[in-house]
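As structure tokens, the structure follows; a few thoughts come after it.
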Amino acid sequence: MKPLSSLSDLFALLFILVSPHLSPSWAASNSVYDTFLQCLTHRSQPSHQISDIVYSQANSSFASVLVSYIRNRRFNSSSTPKPLVIVTPTRESHVQAAVLCSKDLGVHLKIRSGGHDYEGISYVSDDAFFILDMFNLRSIDVDIQKETAWVQAGATLGELYYRILEKSKLHGFPAGICRTVGVGGHLSGGGYGNMLRKYGLSVDNVLDARMVDVQGRILDRKAMGEDLFWAILGGGGASFGVILAYQVKLVPVPEKVTVFRVEKTLDQNATDLVYKWQFVAPSTDHGLFMRLLLQPVTSKTQKEQKTLRASVVTLFLGNSDQLLAITDKELPEMGLKKENCTELSWIESVLWWDGFDEGTIPALETMLRRDYPTNFLKRKSDYVQTPISKANLDQLWKKMIELGKVGLVFNPYGGRMSEIPASATPFPHRAGNLFKIQYSINWSEDDPELEKNYLAQIRSLYNYTTPFVSKNPRSAYLNYRDLDIGTSTNGKNSYEEGQVYGVKYFNDNFERLVKVKTAVDPNNFFRNEQSIPPLPK
């Protein structure tokens, strides 16, 4: 035998050794790509045209396929590790084959559905890795009589909303406001949007699922059992297998909903508004969701001075008269007037929330578009369980103005979120949480020093808010992925490493997730930098 001259030769040899049922000539390839392609062809039914869905680094389309679903430019540099191969399955059998062949070759498999993961862990790794990109698996089957829909993992939220609209104007689904988010990652991590106070999380409205496990089997809810089904409703599907599709329960929406945006700066009593909001937003009518955006801005009244702007952005599942009756009584600090309110259909409200104001809402087919403006960004999260005092809010504003760039998003809980037990799904942040904080910073310049500065800013603000947020653990939201709170090398200490971030994302549910992981994937094939670890052997 000739000497091994490359990693590719080693993979090929390993493949022959671990696949004794295949002849050596079949797999005697000089490249991982060829070896992998031959394995896929062997395992896929039908096997023709498999090469059309597999991209090596030498393929002229490799870069465009990789970049098309990268939503954070921090992970799209020349130094970012690239996959050996990208697989873009068009059939469920392709997913089965990709799992088995990656396992045969001993190559790490990363699973990507929409690319909106904030830390890029679905398409970046320090190991040699493949990407299984689900974007071609995007079918959506809406059954309006049963008020359900089967939606594949590679479909976007916008596509789901649009397909529901085709069948009914009086149905929706409680999920995110960004239409280009992929269903697979969004739902497997919990999934929330501006109807969570009325209907809970996306996973609170999932009836069934289809997934490929580590043995290459396709399992539905009955076949996988209730423990594994529970785990993929907020525990992150990529720790347990490859989510193919979810069956979701549609929810009723009124013919007209109401939206508004009200802004106040510090000289307009923003502090009073924010303080009162903490009591009202989590306890008001379940159909009213009032998101609060906090941002340091340049003052319009004091030249070259910075101030803090508080913006209340709202969806109300009713008309403006009903809304004003609530806000006049419960939150007069907002000064809301009827002319501030816009009544529109629920589907139009999705576009309004996605950045189009009422005068520029485009054709509803915009929901089907997948192009997305990308930026450099960093996010972090927290949960607040006790209202922050006015004095502490004042100090918080000073800190934000001093830092200059970081914004905060307060998302109110309460309502349906407080009625569902913390153990019902892996997502534990239910009763007792007033609101979730998202720390947010974006920039457009490709400048390492700027990035260093902005990352330092967001981490500084996160450290500053420690006294105001949940403790033991300081909780976080899985879909606001944040590698600062702990990572795993997926080695012999993976359980101890996983515990660090696991209890922050899942609180008391972490140990149950570990037991499920140990039962279904004891050798930790499905893994990432923040996956659920199996118990040590």
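The values are calculated or read from the model by the stated rules, or taken from the named source; none is laboratory data. Bear in mind the structure is a predicted one, so any value in this text is a computation, not a measurement. Every residue, glycine among them, receives a Cβ derived from its backbone with ideal geometry; neighbour counts consider all protein chains shown. When the accessible area is computed, the model is the full protein with side chains, heavy atoms only, and any ligands, DNA or RNA have been set aside. Shrake-Rupley method; radii C 1.70, N 1.55, O 1.52, S 1.80 Å.
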Q: Sort out which residues of segment 461-516 are within 19 Å of L233 (Cβ to Cβ), among the hydrophobic types (A, V, I, L, M, F, W, C) and in contact (Cβ under 8 Å) with a residue 60 or more places away in the chain, and write them in order of number.
A: A476, L478, F506, L513, V516
Q) Which condition breaks for E304 when tested against (1) in contact (Cβ under 8 Å) with a residue 12 or more places away in the chain; (2) not in a helix (DSSP H, G or I)? A) (1)
Q | When residues of segment 511-534 are limited to those that are in a loop (DSSP other than H, G, I, E, B) and acidic (D, E), the one nearest to the chain's Cα centre (by Cα) | A | E529
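Results for (1) free of Cβ contacts under 8 Å to residues at least 60 places away in the same chain; (2) over 21 Å from Y477 (Cβ atoms); (3) surrounded by fewer than 21 Cβ atoms within 10 Å (Cβ to Cβ), shown as yes or no for each residue.
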| residue | (1), (2), (3) |
| --- | --- |
| H171 | no, yes, yes |
| C178 | no, no, yes |
| G184 | no, no, no |
| Y192 | no, no, no |
| M195 | no, no, no |
| L201 | no, no, no |
| M211 | yes, yes, no |
(Q) Residues to consider are S389, S381, S418; find the one that is in contact with a strand residue (DSSP E or B) (Cβ under 8 Å, 6 or more places away or on another chain) and either among the small types (G, A, S) or open to solvent by 70 Å² or more (accessible area, probe 1.4 Å) (or both). (A) S381
**Q.** Index of the failed condition, S389 passing every other in (1) more than 25 Å from N442 (Cα to Cα); (2) among the small types (G, A, S); (3) under 21 Å from the mean Cα position of the chain (by Cα)
**A.** (3)
Q) In segment 129-138, how many are in contact (Cβ under 8 Å) with a residue 60 or more places away in the chain and either surrounded by fewer than 18 Cβ atoms within 10 Å (Cβ to Cβ) or under 20 Å from T366 (Cβ atoms) (or both)? A) 2
Q: Looking only at segment 323-343, count how many residues are in contact (Cβ under 8 Å) with a residue 40 or more places away in the chain, in contact with a Ser or Thr (Cβ under 8 Å, 6 or more places away or on another chain) and surrounded by fewer than 17 Cβ atoms within 10 Å (Cβ to Cβ).
A: 0
Q) Across segment 302-316, which residue is farthest from V253 (Cα to Cα) among those that are open to solvent by 20 Å² or more (accessible area, probe 1.4 Å), out of contact with any helix residue (DSSP H, G or I) (no Cβ under 6 Å at 6 or more places or on another chain) and of a type outside the set (D, E)? A) K303
(Q) Please go through segment 190-205 and give me each residue that is in a helix (DSSP H, G or I) and either aromatic (F, W, Y) or farther than 12 Å from K249 by Cα (or both), ordered by number. (A) L196, R197, K198, Y199
Q. D104: touching a strand residue (DSSP E or B) at 6+ places or on another chain (Cβ under 8 Å), acidic (D, E) and open to solvent by 10 Å² or more (accessible area, probe 1.4 Å), yes or no?
A. no
Q.
Out of the residues in segment 355-372 meeting the condition of being β-branched (V, I, T) and within 17 Å of E343 (Cα to Cα), tell me which one is most open to solvent (accessible area, probe 1.4 Å).
A. T360
**Q.** Matching residues in segment 283-301 - criterion: being open to solvent by 40 Å² or more (accessible area, probe 1.4 Å) and in a loop (DSSP other than H, G, I, E, B)
**A.** S283, D285, H286, K300, T301
